[in-house]
Amino acid sequence: MRSTDTEVAVSYGRFLLSIGTTGELTNIFEIDLHGEIAGHGSGWIVFDSGTHDHSPAVCLELHDEEPPPDADAEASWLSSFTRERGDVLEILDDSYVPRHDAPVLHLPQGGPHEIRVTVRGREAARALGEGSFAHGVERWRIQIWPRRLAGPR
């Protein structure tokens, strides 16, 4: 497993994971997540934080196979995507600008991948209210692994 931990500044309740390139991002605040904690488009995943003006902790993990789910998660989201080998994975704030010191990971192989997103501390961050500028109260875990295609039957 390869992983990186960071914090992301959340000004208006959302942040991004860029996968390869942000391409033509739409306004992330206009994306209807249908009540989910995350959603995706071509080359990006958007995350819906519990509040504004704080810095959640984000752990991004690349696995060789499906990892166990996070039993302590308050909420989770599972999806899939297909990308090229070597695509850069990078956490971006709601301005779509990477920090100069932001950690990045590279997809070791192309093809279809699964992604599981879990969050803890979302309600605690929401209880602090907007403008708390708290660090690490909300904790996100993003797990990515290659999708295994079913073998012959």
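Before moving on, here are some points about what is shown:
- Fully extending the segment from E130 to R147 would add 2.3 nm, taking 0.36 nm per residue of separation and subtracting the current Cα-Cα distance.
- Residue-wise HN-Hα coupling along the stretch 122-137, computed from phi with Karplus coefficients 6.51, -1.76, 1.60 (Hz; x: Gly, Pro): 5, 5, 5, 5, 4, 5, 5, x, 5, x, 6, 6, 5, 10, x, 5
- Amide hydrogen proximity for G136: with H placed 1.01 Å from N in the peptide plane, the residues at 5 or more positions away or on another chain lying under 5 Å are S55, A57.
- Inter-label distance, E65 to S11: 4.4 nm, where each label sits 7 Å from its Cα along the C-beta direction.
- Residues in the stretch 71-84 carry Karplus couplings, in order, of 5, 8, 5, 7, 8, 9, 8, 10, 7, 9, 7, 10, 9, 8 Hz; the curve used is 6.51 cos²θ - 1.76 cosθ + 1.60 with θ = phi - 60°, and Gly or Pro positions show x.
- Entry note, the chain: the mean residue ellipticity at 222 nm calculated from DSSP H runs of n ≥ 4, each adding -39500 (n - 2.57), is -1000 deg cm²/dmol after division by the residues and rounding to the nearest 500.
Every read-out reported here was derived from the displayed coordinates using simple, explicitly stated rules and does not represent laboratory data. None of these values were measured; they are calculated from a predicted model. Neighbour counts run over all protein chains shown; Cβ positions are idealised from the backbone, glycine included.
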